[in-house]
Amino acid sequence: MSELPPRDSGESDGFDDIVDAETERDPDLALIEAGSRTLRTQGGAPQGDGVPQRPQDPQVAEALREVETELAGRWGETKLEPSVSRIAALMDVLGDPQRAYPSIHITGTNGKTSTARMIEALLGAFELRTGRYTSPHVQSITERISLDGAPIDYERFIETYRDIAPYVEMVDQKEEFRLSFFEVLTGMAYAAFADAPVDAAVVEVGMGGSWDATNVIDASVAVVTPIDLDHTDRLGSTPGEIAQEKAGIIKRGATVILAQQPVDAAQVLLKKAVDVDATVAREGLEFGVVSRQVAVGGQLLTLRGLGGEYDGIFLPLHGAHQAHNAAVALAAVEAFFGIGAEQARLLDVDTVRQAFAGATSPGRLEVVRRSPTVVLDAAHNPAGARVTAEAISEVFDFSRLVGVVGASGDKNVRGLLEAFEPIFAEVVVTQNSSHRAMDADELAAIAVEVFGDERVQVEPRLDDALEAAITLAEEEGEFSGGGVLVTGSVITVGEARLLLGKG
């Protein structure tokens, strides 16, 4: 993903050269864009890492286990019936709580959660009360529902479930299929946000868009992070086909914030925007990253928003992809406040800086140990692995990097391993506790084909895998710069986080 060139103060429109280059590159996109409106103007942050400890009160802990058990007895997140009829029925009997507040809706393949957390931080810094709904969780189910930048507390999570449980049962009895795990959690989030009440909700889709359970909101801002191949058995085999489903979150008259996309995906998204008279802002044209420098603990950015340029932004997250996520988040918040379409002005720059400086994204290039350095990253598909590998090479000067990989069986595991092959000296393959986890021996067979037999070690237990990888990294000597990257799945990262004392 390219960065924006610096703006010449003498230009009448700082994006003219970029627009010319873009339309010359792809005339088909230019035709679609000509039919859509574009945004082009002249001219409290979360605390901690957002991953809660398990409850200390035995009664609360037992009540939480009961709720988790009841939720686990429903259809899991990988078993889907493409319809919003059940969640719509639940919203109806609950009094449509999702319509009690404005929303920002986020879809895409990678970067959704990090972008959501940055949007939440920005809105909070401007003194709005926020609700955030994201998935999956790293360690605790309550991470999925946040209020004011922090996961909903355990007592409130339990209370919310018990409040809506009778209505869930009513819908279960009337529908052909019971509400799923994700549908019930979505209902809980929307109810909790209305009860708070929040000033704005930041909602990440679970999968796709059109028939995702979250898509009963009528969001004024729709965000599409980069689309790549994932869930191809359900969403499509090309970025364009996947974009058809994800475009379902774009509502009539909304503002659409588009991260840089493959051409076929961009065509689909822009056509949908035309069809529903949505306003479009595109990364690389209406907004983007002007410059970025690697800094201690993160990176220093200059971002171009819809209303102008924001410099001196410190982002305590690593990688070019997080800089682009930050640009998308900034544009989404500007659009939420009406900047670009209704007014041409900057948000308060100091407030923006403060918000980004406090941004967190647990399990995304997160350092959890030193000597040797252990990094956690939840990359679980080839596209995510590629940007993680690029960021690792940019940020860390490892003399020897050992990978710990535990992946899900329904992912493109070969593509993920191939993305990491250039940066891993050795790889320790393992498996997490999920029923979706790929068997360690099956994963090892693929890893041997990618890395060769001598570079692959098998440790079915994650704790043994971590110990083995740390031992391999330490073989270089205490001051040699060896490191460990734990990756392949959000679940693997969450369990490693617990084992390494971060939760």
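Along the charge dipole of segment 198-338, which of Val202, Val224, Gln299 sits closest to the positive end, that is, farthest toward it, with unit charges on the beta carbon of Lys, Arg, Asp and Glu (+1, +1, -1, -1)?
Gln299
Amide H to amide H, which residues 5 or more places from Ala295 or on other chains are under 5 Å from it, using H placed in the peptide plane?
Leu300
Search the structure for amide H atoms under 5 Å from the amide H of Trp75, placed 1.01 Å from N in the peptide plane, and list their residues when 5 or more places away or on another chain.
Placed amide hydrogens put Phe181 under 5 Å from Trp75.
Might you report the magnitude of the Cβ-based charge dipole of segment 98-168 about its Cα centre, with Lys and Arg at +1 and Asp and Glu at -1, to the nearest 20 debye?
Working: 8 positive and 8 negative charges, 56 e Å.
Using Cβ point charges on Lys, Arg, Asp and Glu, segment 98-168 gives about 260 debye.
Which far-off residues, 5 or more places away or on another chain, put their amide H under 5 Å from the one on Val256, with H placed in the peptide plane?
Ala222, Thr279, Val280, Ala281
Bin by bin, in steps of 5 Å, what percent of the Cα pairs in segment 201-329 do you find, going until the bin that has the longest distance?
P(r) over segment 201-329, rounded to whole percents: 2, 11, 19, 20, 19, 14, 10, 4, 1, 0.
Using the alpha carbons of segment 248-303, what is the convex hull volume per residue in cubic angstrom, as a whole number?
Values: hull volume 5.8 nm³, N = 56.
Dividing the Cα hull volume of segment 248-303 by its residue count gives 103 Å³.
About the Cα centre of the chain, what is the dipole size in debye to 20, counting +1 per Lys and Arg Cβ and -1 per Asp and Glu Cβ, all else neutral?
Around 800 debye, computed over the chain.
Share of the chain's accessible area from carbon and sulfur, percent, 1.4 Å? Mind showing how you got there, number by number?
Values: 9230 of 19550 Å².
C and S fraction of accessible area: 47 percent.
Beyond 22 Å between alpha-carbons counts as too far, so tell me which of Lys174/Lys272; Lys411/Lys502; Lys246/Lys411; Lys112/Lys272; Lys271/Lys411; Lys246/Lys502 fall in that bin.
Values: Lys174/Lys272 33 Å; Lys411/Lys502 27 Å; Lys246/Lys411 19 Å; Lys112/Lys272 20 Å; Lys271/Lys411 29 Å; Lys246/Lys502 34 Å.
Violating the 22 Å Cα-Cα cut-off are Lys174/Lys272; Lys411/Lys502; Lys271/Lys411; Lys246/Lys502.
Measure out, as a whole number of angstrom, how far apart the alpha-carbon centroids of segment 433-453 and segment 239-261 sit.
34
Per the Kirkwood definition applied to all pairs of different Cα atoms, how many angstroms is the hydrodynamic radius of segment 146-237?
Values: mean 1/r = 0.0662 Å⁻¹.
Value: 15.1 Å, from the Cα pair sum.
Please figure out what share of the DSSP beta bridges in the chain is antiparallel and state it in percent, rounded to the nearest 5.
Details: 21 of 62 bridges.
So the antiparallel bridges in the chain amount to around 35 percent.
For segment 109-266, what is Rg from Cα atoms divided by 2.2 N^0.38 Å, rounded to two decimals? Numbers along the way, then the final one.
Numbers: Rg = 16.1 Å, N = 158, 2.2 N^0.38 = 15.1 Å.
Compactness ratio reported: 1.07.
For segment 47-186, just the Cα set please: Rg and Dmax, both in angstrom.
In Å, with Rg to one decimal and Dmax whole: 15.6, 44.
Using +1 on the beta carbon of Lys and Arg, -1 on that of Asp and Glu, and nothing else charged, what's the dipole of segment 321-398 about the Cα centre, debye to 20? Don't jump to the answer; show the numbers that get you there.
Details: 6 positive and 9 negative charges, 44 e Å.
The calculation lands at about 220 debye.
Residue by residue through segment 462-474, what is 3J(HN,Hα) from phi via Karplus (6.51 cos²θ - 1.76 cosθ + 1.60, θ = phi - 60°)? Round to whole Hz and write x for glycine and proline.
5, 4, 5, 5, 4, 4, 5, 5, 5, 4, 4, 5, 6
I need the chymotrypsin sites (Phe, Trp or Tyr not before Pro) found in segment 73-149, filtered to DSSP loop residues with at most 16 other beta carbons within 10 Å of theirs.
Of the chymotrypsin sites (Phe, Trp or Tyr not before Pro), the ones in loops of segment 73-149 whose Cβ has at most 16 other Cβ atoms within 10 Å are Trp75.
Select one label from (1) 1.13; (2) 1.01; (3) 0.96: the one whose number is Rg/Rh (Cα atoms, Kirkwood Rh) as derived from the coordinates shown.
Answer by label: (3).
Within segment 171-226, which chymotrypsin sites (Phe, Trp or Tyr not before Pro) sit in a loop by DSSP and count at most 15 neighbouring Cβ atoms inside 10 Å? List each step's numbers first, then the result.
Working: sites: Phe177, Phe181, Phe182, Tyr190, Phe193, Trp211; in loops: Phe177, Trp211.
Filter output for segment 171-226: Phe177.
Expressed as a whole number of Å, what is the distance separating the alpha-carbon centroids of segment 326-386 and segment 271-323?
9
For segment 144-203 and segment 210-228, compute the distance between their C-alpha centroids and round to whole Å.
That distance is 18 Å.
The values are calculated or read from the model by the stated rules, or taken from the named source; none is laboratory data. Please read all numbers here as calculations on a predicted model, not as lab measurements. Backbone-built Cβ (ideal geometry, glycine too); neighbour counts: all protein chains shown. For accessibility, only protein heavy atoms count, side chains too; no ligands or nucleic acids. Shrake-Rupley method; radii C 1.70, N 1.55, O 1.52, S 1.80 Å.
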